[in-house]
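Let me begin by presenting the structure, written as structure tokens, before commenting on it.
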Amino acid sequence: MFGGLRSLFRKKRGEKELDEELRGFLDMAAEEKMKQGTSREEALRSVRLERGSLEISREVVRSSSWESIVETSWQDLRFAARTLRKSPGFASIAILTLALGIGANTAIFSVVQGVLLAPLPYHEPDRLVVVLLNNLRLKSPTYLSYRDFMDWERAALPFEKMSAFAWRSFDLSSPGNPEHLEGSEISSSFFSTFGVGLALGREFSTEEDRNGGAPVTIISNGLWRDRFGGNASALGKSIVLNGVETTVVGVLQPGFRFGTDYADVYIPIGQRKLADANDRLAHDVECVARLKPGVSLSQANAQMNAIQENIDRLNSESEQGLGIKILPAKEPLVGDVRGTLLLLLGAVGVVLLIACANVANLLLARSAPRTHEFSIRAALGAGRGRIVRQLITESVLLSVLGGVLGLAAAEWGLKAALATLAADLPRGDNIHLNASVLFFAMGLSLGVGILFGLAPALRSSKDLQPTLKEGGRGSTGRHHRTQSALVVVQIALTLVLLAGAGLLFRTIQHLWKADLGFESQHVLTFQVGLSPSAIKTGADVRYAYQRLLDRIRQIPGVQGAEITTEVPMTHQMNAIPFWVDSHRPASVAEAPRTLGFITGPDFIQVMNIPLIRGRFISQQDTVNSPLVAVIDTELARTYFPGKDPIGRTITFPQVGDYRIIGVVGHVQHWQVGYSSPFTQNQSFVSIYQIQDRWMTSIDTWTWVVLRTPLEASIVLPEIRKAVHAAGSDQTIYHTQTMPEIVSESMAPQRFPLIVVGSFATLALLLASIGIYALISYSVTQRVHEIGIRMALGAEKRDVFRMVAGQGLTLTFAGLAIGVTAALILTRLLLSFASLLYGVGASDPATLASVSAVLIAVAVVACYLPVRRAMRVDPIVALRYE
Amino acid sequence: MPSMPEKPGDLVQGTLDMLILKTLALQPMHGYGVAVRLEQMSQGVFRLNAGSLFVAFQRLQRAGLIKSEWKATENSRRAKYYALTDQGRKRLNSEKREWGKQVAAIARILEAS
């Protein structure tokens, strides 16, 4: 070892010594012969034959020691670089192909890394969990009630820390301009549960986190800089939230958030109105907790289930029989996209395989003419291992260069893609080319270099002797079979990707054509933060809405406007329990759910929802008249099969008994094609019949929908004016057109479609290069044969049939394998994420059309080489022999 | 001509190392001396080419079984002389024992009817 090192540094001396020793050896052998009377020349010749020449012996001795591996690797590398420089066309195509493959993989990996793998940015994030209630009968998880949380706090918990929070939005009216802000009600230990410190100030005290506590708030770093210029004197100053002077006690670190949304304002959850805080049926609180060290998820689950059972036993008014579900904190955040990202990772892996097959094919094609070179090196004493190493060095050099270029491409492509697609992904802002991505790209490059280099290297280094004898004609037949197999694999893989992209494309087509149950064109939606001074009582709110709507309806071009708590396809979920007539279940947990639209009389006109039976709610339905409800066809079909629901009673616990007065068409509330675990039943009640208790806080979950043929940009300034005229401190926010909302609801399909579609295009390009290169190469190899055939009377037609037939045979073999693989793989890939809608995973029309595309591309790729083959002049071709 | 194995280099690696050690056990020798001595002792069965011989020398030297020194030969030529180290002597003894056992065992197998 040290001898090796020493001799590496003192290589010159060691080499000289070895030379001297060897020369001495050979001279002594020759002298011996000369003593027996042979001439000097004859003696030297026979010694060379018997003992080996100086050069070969030196090569043999040197290549046997480990230090020579380092040295020869360096030699190999320089030689490889020289070889590549000598064929710049080959090198640039190979490097470019690899750059595309490695770049695409690196980009997708950095998305997977940033979204799925990277830990959440909190202290010991592995111990952080979210705790949910789980309605086992309806199979849907739900949040807890604040009452549950307070009971949990008194129990012996498997958690080191636990805290509650509930999303809530606020209207900030001072300092600065009125603005609508997203925020959260939190319990006192919220930030310490995450293990995140504040930039300034402190968390809420337990005294503040209870009913009657002083109004205090913690604000985001952004809001602090925006409203207080980033000045530390902000602590102790007040801001006006929903009309209440609230003291700032803390400022967050920049960038903190939990979940997908940023919150700017936090207030103590304990300050809720007592009626809300004690309502065990109001499931609006999320719970995040930090497991005690060493406690497993399942242990925590068991312990919490026992606690919840105890609560149920002691409190008859609770929603009985809900189980506990504890998830790692990352799960709710990324659970939805995991399948999609794995699908993309699979797809991009296929692209890499195609790229590798392409480069392997190029290498094989190149190695045939190089067989001569290898034979000579073998004859000069290089072993097979040495030649394989040389070839692997070449391919690794190619792949590393490709990797470097690919990294640059990934960086650039990722930036471009994220600019448009980041919003479709949770943690989209966490995607970077970081150290682990670099590591991945490096490992991938090396692995790929060995993968595509090994087969050609082993092939070319076999049976070197015969080639030398033949004078340079390589064993092309075998090469050819390997190359054909690689092209077939490429075509098959490309078909799989095309099929995947085709299925997603058809899905999007179906989604666009799907009947939504309402007309999204010309509908505009937004929210309004009502002026806090004008909504002290329920009657105030009803009046405020009527006044607001009157002003909006007077705007020229507005054909109708209404308020509603539910806008289709925005993921709002006001799922409320109900029962029909006297079928009251033993526990509320067992009651079916319906999506409750709390709206005004004009809702179905604005949304263009068909009225099927009876009437919709009207101006005459008020707090002073009997409660009435309208149900959709889905609820009518399920709970009144074959009967007339009109006049029957539907009961919403805590809200009241409603008489059914009409049936309307079903609306697609969840995204189309998404098999929602949530209810499909829908019912509509009048906002003007809602009890005062809920009316004063209803504005944060109420939307205005309006119908106008005008462009949003034209009508919005008028709407803004109308909102401000109804109250100068009123805010307008979340402005979106209904077509935008519908389009956004397709993001889960659109995102993979765009990515898989671009991969499929890339694959098609690579595969067509592959076919072209192979046919073109084989024509070059067979010019002689073609010449003989033509000289023997073959027609151009026959040549055409022979060459084009070869290309098409490969294509159809690839198609046959590809279709089979696609039938299996697309089903497998798409089972990661249920993305398809209106089209089966083995849709024959899709498979047929992508096959046609592939055949067309193959024909184009074959065209040039086939034309060249047909123009072969037999005389010219034969003269070269 | 004495009969020669088709490829003298085909000697089992361990065997060549053992034979070299045995040759050097008598006295320090240079490379050619070792080759000639081996040929004589084997009555021409083993004819070594320079490459495999010097690979073996390097291997043995790296393992610390032999050491080398430049000296003048009887023909006043400069040559590197190889000699056994203590470790090399021990190794030779243990290999001889092992070889004896193996040969006896192989002979028993081959002669068993």
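What follows draws every value from the coordinates through simple rules; no lab data is involved. Note that the structure is predicted; figures quoted are calculated from it, not measured. No Cβ is skipped: glycine too gets one built from the backbone with ideal geometry, and neighbour counts run over all protein chains shown.
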Pull out a ≥ b ≥ c, the square roots of the eigenvalues of the alpha-carbon gyration tensor of segment A:766-812, then state rounded if a/c is under 1.5, prolate if not and a/b is larger than b/c, and oblate in the remaining case. oblate
Assign one of three labels to segment A:813-880, namely rounded, prolate or oblate, based on the Cα gyration tensor with a ≥ b ≥ c the square roots of its eigenvalues; rounded applies when a/c is under 1.5, prolate when it is not and a/b is larger than b/c, and oblate otherwise. prolate
5 Å is the cut-off here: which amide hydrogens, built 1.01 Å from N in the peptide plane, fall below it relative to A:Val216, excluding neighbours closer than 5 in sequence? A:Thr247
If neighbour count is taken as other Cβ atoms inside 10 Å, put A:His180, B:His30, A:His784 in order from fewest to most. A:His784, A:His180, B:His30
Counting Lys and Arg as +1 and Asp and Glu as -1, each charge on the Cβ, what is the dipole of segment A:205-320 about the Cα centre in debye, to the nearest 20? 440
Rounded, prolate or oblate for segment A:175-299? Axes are the square roots of the Cα gyration tensor eigenvalues, ordered a ≥ b ≥ c, and the cut-off for rounded is a/c under 1.5. oblate
In terms of modelled amide H atoms, which long-range or inter-chain residues lie less than 5 Å from the amide H of A:Gly560? A:Arg707
Net charge dipole size for chain A [Lys, Arg +1 and Asp, Glu -1 on Cβ; Debye, nearest 20]: 3880
Of the options A:Gly787, A:Leu503, A:Ile817, report the single residue whose Cα projects farthest towards the positive end of the charge dipole of chain A (beta-carbon charges: Lys, Arg +1; Asp, Glu -1). A:Gly787
Using +1 at the C-beta of Lys and Arg and -1 at the C-beta of Asp and Glu, which of A:Ser587, A:Leu627, A:Asn315 has the Cα lying farthest in the positive direction of the dipole of chain A? A:Ser587
Got a sec to turn the phi values of segment A:815-823 into Karplus ³J(HN,Hα) couplings, 6.51 cos²θ - 1.76 cosθ + 1.60 with θ = phi - 60°, whole Hz, x for Gly and Pro? 4, 4, 5, x, 5, 4, 4, 4, 4
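Just want to confirm a number: the relative contact order over chain A, from Cα pairs under 8 angstrom separated by 6+ residues, in percent.
Values: 1469 pairs, mean separation 133.2, N = 881.
Relative contact order for chain A comes out at 15 percent.
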Amide H neighbours of A:Ser174 at under 5 Å, excluding residues fewer than 5 places away on the same chain, with H built from the backbone geometry, are A:Val240
Under the Kirkwood approximation for Rh and a Cα-based Rg, what ratio Rg/Rh is obtained for the protein assembly as shown? 1.15
Sorted by Cβ density within 10 Å, fewest first, the residues A:Leu116, A:Leu314: A:Leu314, A:Leu116
Segment A:225-233 - phi-based ³J(HN,Hα) in whole Hz, Karplus 6.51/-1.76/1.60, Gly and Pro as x: 5, 5, 9, 10, x, x, 8, 5, 6
Choose one of A:Ile491, A:Ser367, A:Leu774: the residue whose Cα lies farthest towards the positive end of the charge dipole of the protein assembly as shown (beta-carbon charges +1 Lys, Arg; -1 Asp, Glu; about the Cα centre). A:Ser367
State to the nearest 20 debye the size of the charge dipole of segment A:635-696 about its Cα centre, where the only charges are +1 on K and R beta carbons and -1 on D and E beta carbons. 120
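Add -39500 (n - 2.57) for each DSSP H run of 4 or more in chain A, then divide by its residues: what number comes out at 222 nm, to the nearest 500 deg cm²/dmol?
Computed ellipticity for chain A at 222 nm equals -18000 deg cm²/dmol.
Considering every Cα-Cα pair within segment A:773-848, what fraction, in whole percent, is farther apart than 18 Å?
59
In which sequence would A:Glu55, A:Glu718 go, from the one with the fewest C-beta neighbours within 10 Å to the one with the most?
Fewest-to-most ranking of A:Glu55, A:Glu718: A:Glu55, A:Glu718.
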Net charge (Lys, Arg +1; Asp, Glu -1) of residues whose beta-carbon lies under 12 Å from that of A:Pro175, A:Pro175 excluded, is -1
Where does helix A:844-870 land angle-wise versus the long Cα axis of chain A, in degrees 0 to 90, nearest 10? 30
